[in-house]
Each structure stands twice: as structure tokens, then as C-alpha cells.
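A short write-up of the structure that comes next.
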Amino acid sequence: EDQEFEQIPNWLASLLKERKIELENSSLPGKIPFLHIAYKLAQAYSTSHQGHNSLQNKGILWLVNEFKQWMFQSVEPLLENHHKFRRNWILADLACTTITGLISDQVITEGFNVIDEYDLREWLLKHGASEMTVNSALVRGVYNLVFGYQKGNINLPNLAAGTALRSTLRLAFNYKGAIFWKMQAGMGDIIFTPLYEVLKQRGVKFKFFHRVQHLGLSEDKKRIATIKIARQATVKQGEYQPLINVKGLSCWPSSPLYEQLVEGEALLANNINLESTWTKWPALEELTLEEGEDFDTVILGISLGALKYICSELIDNQKQWQEMVEQVKTIPTSALQLWLKPSLEELGWPMPSPLMDVCVHPLNTWADMSHLIQQESWSEPNSPGSIAYFCGPLEEVETMPGFEEQQFPTQQSFQVKYDALQWSKQAISTMWPKIVGSQNSVEIDWRKLIAPEEVNGAAKFNFQYWRANIELSDRYVLSVKGSTKYRLKADESGFNNLYLAGDWTLNGLNIGCLEAAVMSGMQTARGICGFPQQIAGEFDV
């Protein structure tokens, strides 16, 4: 250890002496003690002497990189054939590279947004990460978690470095209880039903089956003056009651409660999806809401993918809106849900119930949701032993079809089904080795899927659930490099009576997740009424 300490340059030795950091003898091998010294230097940061901090930064960088070089030289011969050493090296390389980059690019003082001009992998390579690290499951998992593939193409990974690091570091070091939480029912039932019921009790009016078509500006182009809305259906009497009861829990059904609608039978008979932009169902009535008579303040909570179509006046009149809809990207995504007779253990999964996101593309994220079995309505003989949810990016079509192309949603649904079937045949046995028909087979034993007994073979897949999330407001908002600066803040829409809400805003996280959406909503509230004054996680520094 003394020999290692002798390598410390004089300027660093003087700095350590000035900071009263002693070079203690350590039983730790090689240059591991350098990390302890770097940690003590970081603890000695001064908030008032930036010149001192600059020298400390130089010291931390020297110590961290000396350790990293020593470790690589120590384990390099073992990396190819020993998983334990390879994984430990990737962790060390990723940590040291991140520390180096955060200091070198002044993220410590300026915040994570200053490096959002770089893609995450690009930034890691810039600061010395190995190819092994940037292509590792750890880094790929960050992209998968946020569908970080431009145009939904798995060959076009694109994720802003600062946004990625902010979220990853908070996930690792600021989590409460666990880094991921599973819903005890559907998100609509757990999150939105209570919010709906509370707001309704407070007197908020809900108008279901209305589609926003256009936001119009005032003559001076400074305010929202009109909102055009299309009414899609007529409630038979009173107010529409949207919830159903499932085992004592108020839930949102997967389709409208047609018996409450005058047009219910026609909607059901023609298989109309009122939530689809490509629906053939005509508007029953077109309404125009006017400022001062119908509204004063507007909160735009519709997601970014739809704004190009409903906010054309805003986009035409403000450059910042043009830039936002052009530079902040969205993609469609795919989802698959399987109900299986065997339990996870019976499928051959050897570990605890997972939530993992480095599976084979395109359905690269898997959550075991078997805990929902007790919430669902199953008769005992047909009750599943496990439930699996998968999702991933859906590759964009070359040209978005016009909304008159009513077969597009069906075509995309077929595409997801085809992708899911191919993926199941090629990849699913790597997770569940006992789902195949025999030890030497790669063909799925379709009998292990929950479906009517009279259905045979791959036809049982038809009784699972898959979805193409292609609708304008369903599209996932990406955080591609260079896009953060084009996001708008909730209370800085550029129009006097318009506030923005959603994970697509400049909200402090700037990534597609529930937390970002909630933070944005709180920022909107603060812009309108001044509360809450502080929002956790809003600022980096």
C-alpha cells in the first residue's frame, strides 16, 4: 500500500494535507484505498471556495482513474470467461466513468441538462467507458426501460445522457422501499379511479365521449379563445357512470358501458373504438367552447403526440411550439399479456417474482403480475398459475396513414400479434425452459396457456391480450439527445391562460414515467394558484 501512496503526485499530497485527509495504511489491496481518499475529498467540498473545489475535482478525477486503470489491468485476463469478474468490472467502469463525466462536464454545479446534447452511450464513451460496458445489460436496460429507440427501431438507440443519468441515479439512491412498485390491480383502477371519485365528490364535472378537435387563439394571438369539441355519444339519462365493481373494487371497464348510451347497440354491433383517431364513427355534434363564457383557464393534459393535430394555431404562431413538436419525439409501443396454467416455478423460472427489462427484443420488458390472479374473476379449474406482462417499442411505419385509413389500427394489432408469436417461439423458453413441449423441443406447449379447452395449438394464443399503442395520445414520449431544451414548462406555454401538464413537459425528470407526470401536474397547480411551493426532485442543484 505504501508503494501505491508513493505514486500520488505532490500537488495532490499537498491538497490532502491541507484538507487534513491522512493516507492511512490499509489492508485493502492495490489501489482500492484511492476510492476512500476520493470519497473523503468529495466530503470536503466547499460551497464558497470554487477555486478550492476545482483542485479537489482534479484530485478526485486522478484517484478514480488510477483505481479504474489498476482494476482493469487486474481483471482483464478474466473478463471473457468469468461472469463474476466481468460484472464487477462493468459496475466499476460504469461508476468511475460516471463520476469522471459528472465532474468534467460540470454537471455537479450546472445540473444534468447540460449533457443532454449527448446520447448516453456516446457520453460514456467520451469519458472512457469500455465497449463492454456501454453494450452491457446494465446500459441496455436503461434504454429498454424508457423505450429509448428512435422511431421504435431497436437499431436506433437514442437517450439523452443527462436525463438518463438523473433518473438512473435517483432510482438507485433515492428510491423509497423499492426501485419498482407493482400495482395491486390495473393502473386505471388503482390510480385514476380514486382521483376520479375524489374530484367528482368535489363538484368537478366530467363530460365523457367528447373529443377535443382544435384549440383556437384570440385575435391578439396571446390567449386560448375557443376549444372545438366533437360529441361522440349520447347518455340515455342523467350522468354517465363509468365504473364497474370487480370483487369490491371500483374499476374502469375495457370498453364503454353500452347500456347507458343511446347509440350503444350500434357502437357494439360495429365494433367502434371511440378512442381511436382512425374511427369511422362520425361526430354526433360539434361544440365550440368560448373563453369567458365556458372557460377562463385551460389545462392541456393531452399528450404530445396529439398536439400537432389539435394545436395547429399555437404551433403556427409560436416558434417554441414548432420546435417542441418537431424535436421532442414520440413512438408507438407494443404490449402483451399472458395467462398461464403453470406457476413461475413450474415454468422453470428459478428466481423470485421479477420485474426485468433486458429481455430479447422487441418485448424487452417483463413483469410477473401473478399477484393479480386473486383480483381477477376466475373459476377454480381454469384459474391461472401465473400472469406475465410484456412491453417494448413498436417500430414506426414509414408514413403515418391518414385518419381515413380505418384499417390501420387493425393492421398494427396484427403486427404486434405476429411479433409476439415470433418472439414467443424464439425467446420465451430462455426465461421459462419448461414451457416447451419436451426437453429437446423449442416449440411452446400451447396447452400451458389459459384458453377454452376446445381450442388447440397456437390458436390458444388468440385468448391472450396484445395491443398496439398507436393512438396519438398513447404514443410514448422519448427523451432523445438534444430534445430537452425544446420542452416547455407547465406554466410557460407562451399563452396567458394556457397551462401544460404531462410527462412531455420540462418538469425536472423529463422522461416518460408516472412521477414526471405528477410533478408536471403539481407545477401546473403552482402556476395557477401558487401551491405547492416546493416539489420534490424538481431541481438538480
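The values are calculated or read from the model by the stated rules, or taken from the named source; none is laboratory data. Note that the coordinates shown come from a computational prediction; the quantities given were computed from them, not determined experimentally. Cβ: placed from backbone, ideal geometry, glycine included. Neighbour counts: every protein chain shown.
Could you list all residues from the range 365-406 that are of a type in the set (A, V, I, L, M, F, W, C) and under 19 Å from the mean Cα position of the chain (by Cα)? Working first, answer last.
So the first thing to find is which residues in the range 365-406 are of a type in the set (A, V, I, L, M, F, W, C), and the list is 366-367, 369, 372-373, 378, 387-388, 390-391, 394, 397, 400, 403.
Listed by number, the residues that qualify are Trp366, Ala367, Met369, Ala388, Phe390, Cys391, Leu394.
Answer with yes or no whether Thr163 is surrounded by 21 or more Cβ atoms within 10 Å (Cβ to Cβ), part of a helix (DSSP H, G or I), in contact (Cβ under 8 Å) with a residue 40 or more places away in the chain and not assigned by TED's automatic domain parsing to the domain that holds Leu355.
So Thr163 fits the description; yes.
Hey, can you tell me all the residues within the range 198-238 that are touching a residue at least 40 places away in the same chain (Cβ under 8 Å) and of a type in the set (D, E, K, R)?
Arg211, Lys221, Lys222, Arg223, Lys228, Arg231 - these are the residues of the range 198-238 that are touching a residue at least 40 places away in the same chain (Cβ under 8 Å) and of a type in the set (D, E, K, R).
Those residues that are part of a loop (DSSP other than H, G, I, E, B) and touching a Lys or Arg at 6+ places or on another chain (Cβ under 9 Å), I need them from the range 358-377; list them, please.
Of all residues in the range 358-377, those part of a loop (DSSP other than H, G, I, E, B) come to 358-364, 369, 376-377.
Matches in the range 358-377: Val358, Asn364, Met369, Glu376, Ser377.
So is Ile444 crowded, with 21+ Cβ neighbours inside 10 Å, more than 22 Å from Arg170 (Cα to Cα) and out of contact with any Asp or Glu (no Cβ under 9 Å at 6 or more places or on another chain) or not? Explain how you work it out, then say what you get.
On the way: crowded, with 21+ Cβ neighbours inside 10 Å: yes; more than 22 Å from Arg170 (Cα to Cα): yes; out of contact with any Asp or Glu (no Cβ under 9 Å at 6 or more places or on another chain): yes.
Yes, satisfied.
For the list (1) touching a residue at least 24 places away in the same chain (Cβ under 8 Å); (2) touching a helix residue (DSSP H, G or I) at 6+ places or on another chain (Cβ under 8 Å); (3) within 29 Å of Ile331 (Cα to Cα), I need the number of the one condition that Lys434 fails.
Looking at each condition in turn, Lys434 falls short on (3).
If I ask for residues that are acidic (Asp, Glu) and either assigned by TED's automatic domain parsing to the domain that holds Gln415 or touching a residue at least 40 places away in the same chain (Cβ under 8 Å) (or both), which ones from the range 451-491 would you list? Spell out the reasoning first.
Filtering the range 451-491 down to residues acidic (Asp, Glu) leaves 453-454, 471, 474, 491.
Result: Glu453, Glu454, Glu471, Asp474.
Filter the range 521-541 down to residues that are in a loop (DSSP other than H, G, I, E, B), in contact (Cβ under 8 Å) with a residue 40 or more places away in the chain and surrounded by 13 or more Cβ atoms within 10 Å (Cβ to Cβ) and give me whichever is nearest to the chain's Cα centre (by Cα).
Gly537
Give me a count of the residues in the range 212-229 that are within 14 Å of Leu498 (Cβ to Cβ) and among the polar types (S, T, N, Q).
Total meeting the criteria: 2.
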